[in-house]
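Every number in this text was worked out from the coordinates using simple rules, so none of it is lab data. Just so you know, these numbers come straight off a predicted model, no measurement behind them. Cβ: placed from backbone, ideal geometry, glycine included. Neighbour counts: every protein chain shown.
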Amino acid sequence: MSTRAMGPMAGLGWLTRAINVGRNGPGAVFGGAALMTVVVLAAAFAGVAVQLALAATMGDSLTGMMVGTAVMSVLVLVIMAMMVVGFLRLLDKVESGSGARATDVFGGFGDLATSLRTIGLMVMLVVLQYVILVAVLMAFAGGFVRWYLQVLQSSIAGGADPAVLTQLPAGMGVASVAMLVVGLVFYGVQAIALGQVVLRRRGVFSALGDGIVGAFKNLLPLLVFVIAAIVAMIVVAVAIILLAMLIGLLGKFAGAWLAAVLAIPLYIAGMLAMYVVMFGAMYHLWRDVCGGGATAGAMATEGVAA
């Protein structure tokens, strides 16, 4: 499957189209995002319960903490992967005008073959990203692993030692820049590969190959996208601070209950908007680079059926 190299300003287009992604079906898009948030949070709480049970069984040891964290992470990843299948297909339907409902976000639970491929892809992406990040840290900040283990051990012993926290290993500045570059590339890899698996029904390794090639072909628009996203986040952060100050002022005059009534819905709306924009940008990135969309997805489905 060929991938295309887009112009630098395509990155700005991915962000603007992601912001407008719900215009054709806001109820379906934001309803689906709300359902996905609730399900993933429920999985996270279940994972925490499992983690606490393992900690009680294995004791407050580093091994127990690591096993519990791994179990919780796997549970959340599996549920998240199945919800991503449904949500990307929901976005595809909305953007193509095919009609969608919020409950379409559960489509991944009815398509176990695609969900299993998506789970496999996400596991591979997580492992690959961690391997590369560790390699970067070891290359530029060789003492990071030892420092991190010291932080974990001091936390288990009764609280992280401030002296350990402030003594960052040498080379962390350069390593941080390198990790930002890795994160930039992996966002593109993940967006393209997920789109290929979920909407084109590609195999895991084929999709991963498309993601790597497509991301490296589009490093410049990815950089523009990240810069535009950072500027947008700064603007949103300023607006949130001003809004919080206004809510706090109203709370002083009308009571804390009014501040809570206003703040909680705004917080939930902000979380849903973040989900929608994040996945909307991934969808449009994939659509531009791979020439996808609902029509292409339908053709791929017919090809599989044939």
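Applying the Karplus relation 6.51 cos²θ - 1.76 cosθ + 1.60 with θ = phi - 60° to region 227-239 yields 3J(HN,Hα) values of 4, 4, 5, 5, 4, 4, 5, 5, 4, 5, 4, 4, 4 Hz, where x marks Gly and Pro. For region 73-89, putting each phi into the Karplus relation 6.51 cos²θ - 1.76 cosθ + 1.60 with θ = phi - 60° gives couplings of 5, 5, 4, 5, 5, 5, 5, 4, 4, 5, 6, 4, 4, x, 6, 5, 5 Hz, in residue order, rounded to whole numbers and with x for Gly and Pro. Each peptide in 191-198, 267-274, 16-23 gets a packing score, the mean of other Cβ atoms within 10 Å over its residues, and the list from highest to lowest is 191-198, 16-23, 267-274.
Note on MET66 and ALA244: their simple-model spin labels are 3.6 nm apart, each label 7 Å out from Cα toward Cβ. Spin-label model, LEU219/VAL236: points 7 Å from Cα along the beta carbon direction are separated by 2.8 nm. Rounded to 0.05, the FRET efficiency of the ALA263 and TYR130 pair, given R0 = 30 Å and the Cβ-Cβ distance, is 0.25. What's the local net charge at VAL213, with K and R +1, D and E -1, over the other residues with C-beta under 14 Å away? Its environment carries a net charge of +2. Counting Lys and Arg as +1 and Asp and Glu as -1 over every other residue whose Cβ lies under 15 Å from the Cβ of MET9, the net charge comes to +1.
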